[in-house]
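The values are calculated or read from the model by the stated rules, or taken from the named source; none is laboratory data. Every value quoted in this text rests on a predicted model; they were computed, and no experiment measured them. Methodologically, a virtual Cβ is constructed for each residue, glycine included, from the backbone with ideal geometry; neighbour enumeration extends over all protein chains shown.
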Amino acid sequence: MAGKLDGKVAVITGGASGIGRACAELYAEEGANIVIADLQEGNGAVAAVQERGREAVFIATDTSEEGSCENLAALAIEKFGAIDVLVAAAGIGHAGATSDVADDSSAMLLVNQPLSSWQRVIDVNLNGVMLSDRAIGRRMIEAGNGGVIINIASIMAKVPQVGVGPYCVSKAGVWMLTKIMAMELAPYDIRVNAIGPGFIDTPMTAGLNVSETGRWAMAITPMRRMGTAEEVASTALFLASDDASFYTGALLHPHGGVFTD
Ligand code: NAP
C-alpha cells in the first residue's frame with residue numbers, strides 16, 4: 001500500500017528523542033527517508049528508521065547556531081538531493097537542565113532568573129526554529145518543488161504559567177514566526193504550520209507526574225492524562241501529507257482538551 005510520504009525526504013530537528021523521534025518513525029512507516037538532527041547522538045533513531053525499510057542519516061546539529069543549521073541543510077541535500085519536509089522539534093524546557101521539567105520556585109520567576117537563562121531558552125526554542133526554517137526554507141525555494149515546514153510550539157504559546165516564563169514566550173514567538181513564514185513562503189508553495197501539544201510523555205516531562213506543575217497540568221487537561229509522542233506525530237503526519245494541502249499558517253493542538261482560546 002502506498003505511504004502518505006512515499007519518496008519524500010524529511011529533516012527532523014530534535015529527532016533523536018521524544019516527539020521528534022516519534023515523527024521520524026511514523027514518517028519512515030509512511031515511506032520517507034529521514035535526516036535526524038540533534039544535540040544528542042541519533043543512533044537509536046537512525047536504526048528505528050532503517051528497521052522500517054527507509055534510509056536515515058544523523059547530522060549532529062545545534063539549532064541555536066546559524067552555521068550548524070546551514071551545515072545541516074547542506075549535508076541533507078548532499079545525502080538525499082532534496083528536502084521535502086522539515087519538522088523543527090528541537091527544544092528545551094528551561095535553561096540549566098536540558099531534558100527536564102521546570103519548577104515554580106521563586107528562582108524561576110522572571111524577576112529572579114539570570115539573563116543567561118532567558119537567553120538560552122530563546123536561543124534554542126525561538127531562534128533555533130527560525131534558523132532551521134530559514135536554512136531549509138532557502139533550499140526548498142532554490143529547488144522550486146514546494147515543501148512543508150512544521151514547527152513544534154506548545155499550548156504554552158497561549159497559556160501563561162509562572163515558573164516557565166522564557167518557555168511560554170519562546171513558544172508564543174514560534175506561533176507568530178509560523179504565521180509570518182507561512183505568508184512569506186506561500187508564493188513558493190511551501191506550507192508552514194505549527195503544532196501546539198499539551199502535556200506529552202517524553203524525556204522532557206520525565207519528572208512531571210510527581211511535581212506541583214504535574215498536578216496543575218492534569219487539572220487543566222480534561223482528558224486527565226498525558227498524550228503520547230505518537231499522538232503528536234500523527235498530527236505531524238497529517239500536516240506533512242497532501243491531506244493538509246490547504247493548511248498553512250495554522251496551529252493544531254493535540255492537547256486532550258486544554259482550553260487555549
Ligand atoms: P525531548 O525528548 O527532550 O526531545 C528534544 C530533543 O531536542 C532532545 O534530544 C534535545 O537534546 C534536543 N535539543 C535540545 N536543544 C537542541 C539544540 N539546540 N539543537 C538540537 N537539538 C536540541 O523533548 P520533547 O518533549 O520531545 O520535545 C520536542 C519539542 O516539543 C520541543 O520543542 C518541546 O518544547 C515541544 N513540546 C513538548 C511538550 C511535552 O509535554 N513533552 C509539550 C509541548 C511542546 P537534549 O536532551 O540534549 O536537550
Query raised in the report: How do the pairs read when you match residues in the range 224-236 that are within 15 Å of Ile155 (Cβ to Cβ) and within 8 Å of the ligand (Cβ to nearest atom) with residues anywhere that are at pLDDT 95 or above and part of a helix (DSSP H, G or I), using Cβ under 6 Å and keeping only pairs 6 or more apart or on different chains?
Result: Val232/Ile19
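What number of residues within the range 57-92 are in a helix (DSSP H, G or I) and either closer than 19 Å to Val148 by Cβ or basic (Lys, Arg) (or both)? Let's see the steps before the verdict.
Narrowing the range 57-92 to residues in a helix (DSSP H, G or I): 66-80.
Filter once more, so that each one left must be either closer than 19 Å to Val148 by Cβ or basic (Lys, Arg) (or both): 69, 72-73, 76-77, 79-80.
The number of residues fulfilling the criteria is 7.
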Query raised in the report: Quick one: what pairs do we get from the range 100-121, first residue closer than 21 Å to Thr205 by Cα, second modelled with pLDDT of 95 or more and of a type in the set (A, V, I, L, M, F, W, C), C-beta under 7 Å, 6+ apart or different chains?
Result: Val121/Ile92
Requested in this report: Scan the range 18-63 for residues that are of a type in the set (S, T, N, Q) and touching an Asp or Glu at 6+ places or on another chain (Cβ under 7 Å) and jot them down.
Outcome: Asn33, Thr61
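Looking at the structure I just gave you, is Pro187 crowded, with 21+ Cβ neighbours inside 10 Å and away from the ligand (no atom under 11 Å from the Cβ)? Let's see the steps before the verdict.
On the way: crowded, with 21+ Cβ neighbours inside 10 Å: no; away from the ligand (no atom under 11 Å from the Cβ): yes.
It is false that Pro187 is crowded, with 21+ Cβ neighbours inside 10 Å and away from the ligand (no atom under 11 Å from the Cβ).
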Report summary line: Residue pairs within 6 Å by beta carbon, gap of at least six or interchain, first lying in the range 1-28 and farther than 17 Å from Thr235 by Cα, second polar (S, T, N, Q) and away from the ligand (no atom under 13 Å from the Cβ), listed first then second, are Val9/Asn33
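Only one residue in Ala10, Ala37, Ala16 is closer than 21 Å to Val124 by Cβ, modelled with pLDDT of 95 or more, away from the ligand (no atom under 13 Å from the Cβ) and in contact with a helix residue (DSSP H, G or I) (Cβ under 8 Å, 6 or more places away or on another chain). Which one? Steps first, answer last, please.
On the way: Ala37 fails: away from the ligand (no atom under 13 Å from the Cβ); Ala16 fails: away from the ligand (no atom under 13 Å from the Cβ).
Of the residues listed, the single one that is closer than 21 Å to Val124 by Cβ, modelled with pLDDT of 95 or more, away from the ligand (no atom under 13 Å from the Cβ) and in contact with a helix residue (DSSP H, G or I) (Cβ under 8 Å, 6 or more places away or on another chain) is Ala10.
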